[in-house]
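Step one of this worksheet: look at the structure below.
The values are calculated or read from the model by the stated rules, or taken from the named source; none is laboratory data. These numbers were taken from a predicted model, which means no experiment stands behind them. Because the Cβ atoms are built from the backbone with ideal geometry, glycine has one as well, and the counts that use them run over all protein chains shown. Areas reflect the complete protein model, heavy atoms only, side chains present, ligands, DNA and RNA absent. Shrake-Rupley method; radii C 1.70, N 1.55, O 1.52, S 1.80 Å.
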Amino acid sequence: MYVGVDEAGKGPVLGPMVAAAVRADPGSLPADVDDSKRVAPERRREIAAELRTSDAVAVAVATVETAEIDAPDTDMNTLTVRGQARAVREVARAGDRVVADAGDTSEARFARRLREFVTDTETVGSVSVDAAHGADESDPVVGAASVVAKVARDARMTAIDAAYPAYDGIGSGYPSDPTTRRFLREYVDDHGDVPPHARRSWSTCADALAAAEQSGLDEF
């Protein structure tokens with residue numbers, strides 16, 4: 001039994017980043033658990049529900065909200081470590097092995113920082129940490145964490161979408177999504193600012209604000 005940890009929502013311009021940790025024996029997991037990107041949405045929800053109700057599995061979720069993401073004194077690598085560490089602390093026990101999907105170009109650096117963040121409180125004793133790129137594909141417990149994180153973030157995005165009934169959907173929240181870009185543009189046109197659930201430090205938000213300002217100048 002060991003702990004797997006991963007996050008979802010590192011790159012979107014809308015909504016939080018969500019990290020999840022799963023403590024389990026791989027043999028106690030559903031046979032088709034995998035990286036969330038390779039599991040159909042309905043099956044992801046089923047797997048997440050199975051994991052949460054299993055007596056043989058411990059699950060924890062931690063959320064990094066947009067205000068924390070936009071703070072000027074941090075960066076996404078640090079926030080990824082911080083989010084993963086919060087989730088790990090909820091399920092890990094002293095002496096556990098933790099396997100993480102590396103959120104840094106250096107796997108060794110990410111592993112070292114995650115271990116430091118996990119053990120910087122008295123909540124958890126000493127743990128060992130391994131981190132690897134693609135661990136959500138190669139390790140079933142990390143894959144389980146990937147699924148839980150993705151399902152939790154999707155649920156948050158559904159709730160955020162419901163908070164803006166005047167608009168025709170907010171999309172996936174990713175900058176490449178035309179629906180998301182249209183929502184930001186229309187919201188800024190209506191309110192003169194980006195919505196509360198947007199990461200205003202992202203260039204996509206800056207572009208929407210600049211376009212609205214230019215449009216106002218053109219009309220003047």
Exercise. Does residue 15 qualify as being surrounded by 14 or more Cβ atoms within 10 Å (Cβ to Cβ), closer than 28 Å to residue 159 by Cα and not assigned by the TED database to the domain that holds residue 194?
Worked result: yes
For this session: Taking only region 88-105 into account, find how many residues are of a type in the set (Asp, Glu), open to solvent by 80 Å² or more (accessible area, probe 1.4 Å) and more than 20 Å from the chain's Cα centre (by Cα).
Result: 0
Exercise. Looking at region 106-122, is at least one residue surrounded by fewer than 16 Cβ atoms within 10 Å (Cβ to Cβ) and farther than 25 Å from residue 94 by Cα?
Worked result: yes
Seminar exercise, completed: The number of residues in region 180-211 that are in contact with a Gly (Cβ under 8 Å, 6 or more places away or on another chain) and open to solvent by less than 30 Å² (accessible area, probe 1.4 Å) is 2
Exercise. Within region 113-130, is even one residue within 17 Å of residue 29 (Cα to Cα), touching a residue at least 12 places away in the same chain (Cβ under 8 Å), part of a helix (DSSP H, G or I) and in the same structural domain as residue 8 (by the TED database)?
Worked result: no
Exercise. Only one of these conditions is not met by residue 147: (1) under 26 Å from residue 36 (Cβ atoms); (2) outside the structural domain of residue 17 (by the TED database); (3) in a helix (DSSP H, G or I). Which number is it?
Worked result: (2)
Exercise. Tell me, which residue of region 132-188 that is acidic (Asp, Glu) and in contact (Cβ under 8 Å) with a residue 24 or more places away in the chain is farthest from residue 22 (Cα to Cα)?
Worked result: 154
Exercise. Residue 31: touching a strand residue (DSSP E or B) at 6+ places or on another chain (Cβ under 8 Å) and free of Cβ contacts under 8 Å to residues at least 40 places away in the same chain, yes or no?
Worked result: no
For this session: Please go through region 29-82 and pick out each residue that is over 17 Å from the mean Cα position of the chain (by Cα) and part of a helix (DSSP H, G or I).
Result: 42, 43, 46, 47, 49, 50, 51, 52, 53
